[in-house]
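See structure below.
Derivation of every value follows stated rules applied to the coordinates shown; laboratory data play no part. Small disclaimer: the values here were computed from a predicted structure and weren't measured. FYI the Cβ positions are ideal-geometry reconstructions off the backbone, even for glycines, and counts take in every protein chain you see.
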Amino acid sequence: MNNTNPEPSEFTFSFLCSLFRQISRIKPRSLNAPRIKRDEEPPAVKLFTQWVTHLRNRFGPLSPGTTGICFRLIFPEEDHKRKYDMKESRLSEMLASCYGFSKAKFAQWDHSDASGCLGQELRSILEQTNTNDDDFISPKTIYQVDDLLNELSACCAYTDASIIKLYPKNGRRKRKDIMRDLFCEMRPDDAAWLAQIILKDLRPLLYPLEEMHFTVSLKFFNTKAVAMLSKGQAMRIWDPSKTMQNACRVFSDLDRAADIFDTPPDQRPKLVPVIGTMVESTKAQKCINVLSLLKASRKIWAEIKYDGERAQIHVELRDGRPPHITIFSKSKRDSTLDRHFVHDIIREALGFTDGSSSGRIKENVILDAEMVAFNGDKIDEFWRIRQLIETTAYGIRGKIRRRTVDANFESQPSMLSDDGCDTRQLGLVFFDVLSMGSSSKLFTPYHERRQTLESIIHPIPGKALLAERFPIVMSDISEAQESLRTIFAEQVADHQEGLVIKADESRYNDYKLPWVKLKKDYIPGHGDSIDMVLVGASWEKNRARELRVGPDTYTTFYIGSFKDKFAPKPELEVFYTASYGLTRDKLEELNFMIHSAETVSYPFSKRNEPKNYTFSLLKGLNPPSVLLQEPLLVELFGAGFTKFPGSKHYELRFPRIQKWFRPSERNWRNALDLRSLHDLARQVVGRDRSNKDADDAINDIWGDPRSPGVKCPLKRQEAASRWAEQFRWLDEGKKGSLTEPDPPTPSKRPRATSIVNASTTVTIRAPPRPKLQMEIERREQGLVSSSSAANSQGAVLDVINRALTPTSPTRRLGLTSIQTPISALRPPPSNHHQLLDNSKSSNQTPFSHERYPGPPTPSSSPVAAQPLKLTYHRQEKANPCTENLTMKGGATSYFAHFHVWFMKSKNKPSQSCETCRPLRKMVLTDRKVHSLNSLVLACGWEQAPPGAYVNKGAIIALCGDDDMIEKVQALAQNIQSLPSKNASERKPIFIFNCKSFDSGGTTPIPIFKLH
């Protein structure tokens, strides 16, 4: 018997795959299974421990480089240097060529009846043709496989330069030849693992699904069904001395950490940042309970979070030459050539001007910054960065800008018409320093690092800035809370992305005092919210593997908007997708809905196209699997707006589905059209409306004042005041608090409610009111405004909501942004009539309630500050409102020139009222409208397309009682508060209740006249 240790060459790839096979046999735990004890190690960790022990017992001391190879193969997603430029479609073609199969065998790997894993499909095919014995072991070692993977990755231009240099282009082999060598003599299951390593995702093979049906996967399992082996756990077991873990806290390079571990202990280098090797970047936590997380700090800083791309900048001084610049991106890739344009900006900010070799620094430095797009001296939108990189980068991301003449593209106001190319360029916002010379700053307090940064960086307007920040002293927690609310409100009103909160004494990557990221969409119900059309669905592998569901489950939904909603077949533009937001139960309901609905497979033939609409799909967007014959209305929320490369239209950033509606609840035709979406997005991102310049020019001609822009100081101040007040109310109510711990999660999600201000909308949490919600939902089926009036539609819908629920916060419907002028910019009308016999309404807002108090309406609110042109009439007295109103021929003829909306009472059904029942039948069907929205639009109180001629509008409140009277009063107030450019075009709206017809005369007596 040979007692000598095997040579390292005997460490085969099959031996590594034996670990994968053992882990893949772990059974997923259902929701009903007993929980694993906290002190009990997960099964995958136990198996890895046993495998490492067996590895070292069998092979003895491992040769240098083995650690790095093992970790690159076990965690291929952490292998940032090697890129293969192959996804499933391209890899399947290469595998078909390699094995001599038809590529059609792999074509359905992601179909609903398949596994959704290309490696699994490859294994199934190879097992049918495999002629080797079951105990056959492939002779390839992990070292040979690693070398071949290096050679394969050298064919991709995105691979790290250190690997590409090993394989000169003139002597480089073709991909298909390398692939044949890689997969030659591989067992079927080993080939499957290797395919998934190339795809950089072992999850579908390592942690296979127990069930494939969408209902079982979503309702009986969750993402914790298996405890996956993490990189940190593997390093702890591989290296009990924690050398690798400590190295990974400094370096973001797994290979370097492995090399340090393989180095003899007495020869290991100090763990300090090194020029040319990326430092592990600190990541801010997502949290809204900022002060509770940083309560141990004496002082914190609220730093503006700039909307850009992270850049870690390494500056290496060279004798007699300008400094050498190396830049790493957030994805840990060397992006030096991509960001070539900012090299001179970095040198200039450090004092190296005109090619000088001397500046403010005398030793190498590593800086942390955000690369942004500047337009003049102002920071532009995030999506502009991509355009600027493509036009300025060297290397693979650089390309010649094509100046195409596309009339439709040029006509989009959001695009080239206001492009400002001459003043737009890339720039930097510096916010930290990580190293100076041989001295590491990673363990230096934040306030000292900031002082160092300010001493070496010279701000350059429009090119380089220091991140703006604001101090908050923590000695008095109530003052700290108020300071944070005020600062955050000001930045939200200024259209900034958010804040990053840093403790004054915190270290870089400090787990005790971490950086905390605060954005408005982290607060429940406060993201930017819109109603869009859900047109189609598909299974998307990355989201599916996060959820642990098979191809039978729709995970990604295709979102569109109307080009022309009034065409016989509305034309939809589908230009982005949403995959997040829904709970597993809600996602299962949506999947059941789509599986049960009438759908069309995509791509479709002319004989099998959608019946109710036409659509176009954005080029570059992965196609859907199915299209709905009857689309759905969905409510989305996100963090501002951006644009997909090549798209003309704004889309939500980080879109999440908040709710979807069945056709019986809300019709998909009530969604936004593209023009309304465009106007809303511009307002949210801080850009003036498209035609403001033209309007201002006309106003200049006629000597009229210009309308205030989005960046108007008064508007900004107004918005900041409202946001601060809203955050204060949240803190006091402990609902989504900024400074207090999260409240217990309710069993049912409360509905979201919107409070409107002059430049944006804040959404708050409202208590559920089931009966009222059902009544509101029944009223939502109303007239749809045209694209030119969609913003007005939002205002009208808001009025409807507030009027229907005058004693509680309202549910958000339709648009979330209303262009309401600021009271400070608009003088009040001279006439002001008070409500009679309603003393309570004068000091109550529609949001007030004893049990569920909402935020008080500020004195600057348009509703509070704008006097109402409103007259209340007692029913028993004759009044001027009845002039020209005569009931000739009964109610039918009386209301012949009215548009009539019947307002139902919550307390009394209309069938029980003898007056209401015949009245509804006597009004002609073509005179009735189905919603208050329709009535207000038809009467000219909001901009709308020309419609049928109408003299007046009528609201008939059925079954008048005390509760109904209060609702009618609130309704009248809110309708009257609607702004109008030309009040003379408004047609009067009369409000009646059923008692208005009890006088016995020929003329009903209205209780309100709105004019």
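Using 19 Å as the cut-off for backbone N distance, which residues of the range 557-595 belong to the label zone defined by a point 7 Å from the Cα of residue 542 along Cα→Cβ? The answer is 557-559, 575-582. The convex hull of the Cα atoms of the range 529-687, projected and averaged over all directions, covers 9.3 nm².
The residue 505 and residue 378 beta-carbon pair, evaluated with R₀ = 25 Å, returns a calculated FRET efficiency of approximately 0.15. For residue 141, the residues whose amide H sits under 5 Å from its own are 13, ignoring neighbours fewer than 5 places away on the same chain, with H placed 1.01 Å from N.
Note on residue 222 and residue 299: with the Förster distance fixed at 25 Å, the Cβ-Cβ geometry gives a FRET efficiency of about 0.05. Residue separation of residue 156 and residue 654 scaled by 0.36 nm, minus their Cα-Cα distance, works out to 176.3 nm of gained length. Using θ = phi - 60° in the Karplus curve 6.51 cos²θ - 1.76 cosθ + 1.60, the 3J(HN,Hα) couplings for the range 587-594 round to 5, 5, 4, 5, 4, 4, 4, 5 Hz; x is entered for Gly and Pro. The distance between label points at residue 897 and residue 619 comes to 5.6 nm (points 7 Å beyond Cα on the Cα→Cβ vector). Place a label point 7 angstrom from the Cα of residue 213 along the Cα-to-Cβ direction, then list the residues of the range 577-592 whose backbone nitrogen is under 16 Å away. Only 588-589, 591-592 fall inside the zone, counting backbone N under 16 Å. Based on the Cβ-Cβ distance of residue 18 and residue 286, what FRET efficiency does E = 1/(1 + (r/R0)^6) give at R0 = 51 Å, to the nearest 0.05? The value I calculate is 0.85. With 0.36 nm allotted per residue and the present C-alpha distance subtracted, the residue 27-residue 611 stretch has 205.7 nm of extension available. The HN-Hα couplings worked out from phi for the range 510-523 by the Karplus form 6.51 cos²θ - 1.76 cosθ + 1.60 (θ = phi - 60°) are 8, 6, 7, 10, x, 6, 10, 9, 10, 10, 5, 6, 6, 7 Hz, whole numbers, x standing for Gly and Pro. Charged neighbours of residue 463, selected by a Cβ distance under 10 Å, balance to -3 (K, R count +1; D, E count -1). Between residue 585 and residue 177, the modelled labels are 6.1 nm apart [label points 7 Å from Cα along Cα→Cβ].
Put the Cα centre of the range 334-363 next to the Cα centre of the range 155-205 and the gap is 37 Å. Our coupling estimate for the range 166-180, obtained by passing each phi through the Karplus curve with A = 6.51, B = -1.76, C = 1.60 and θ = phi - 60°, is 6, 10, x, 4, 6, x, 7, 7, 6, 4, 5, 6, 5, 4, 4 Hz, Gly and Pro reported as x. The Cβ shell under 10 Å around residue 283 holds other residues with a net charge of +3, Lys and Arg each +1, Asp and Glu each -1. In summary, the convex hull built on the alpha carbon positions of the range 8-238 has an orientation-averaged projected area of 14.2 nm². Seen from residue 696, the other residues with C-beta closer than 13 Å to its C-beta sum to a net charge of -2, counting Lys and Arg as +1 and Asp and Glu as -1.
Label-to-label distance for residue 966 and residue 318 is 7.8 nm, based on points extended 7 Å past Cα in the beta-carbon direction.
Each of 573, 363 was scored by other Cβ atoms within 10 Å of its Cβ. Listed from fewest to most, they are 363, 573.
Pairwise inverse Cα distances across the range 460-520, averaged and inverted, put the Kirkwood hydrodynamic radius at 13.2 Å.
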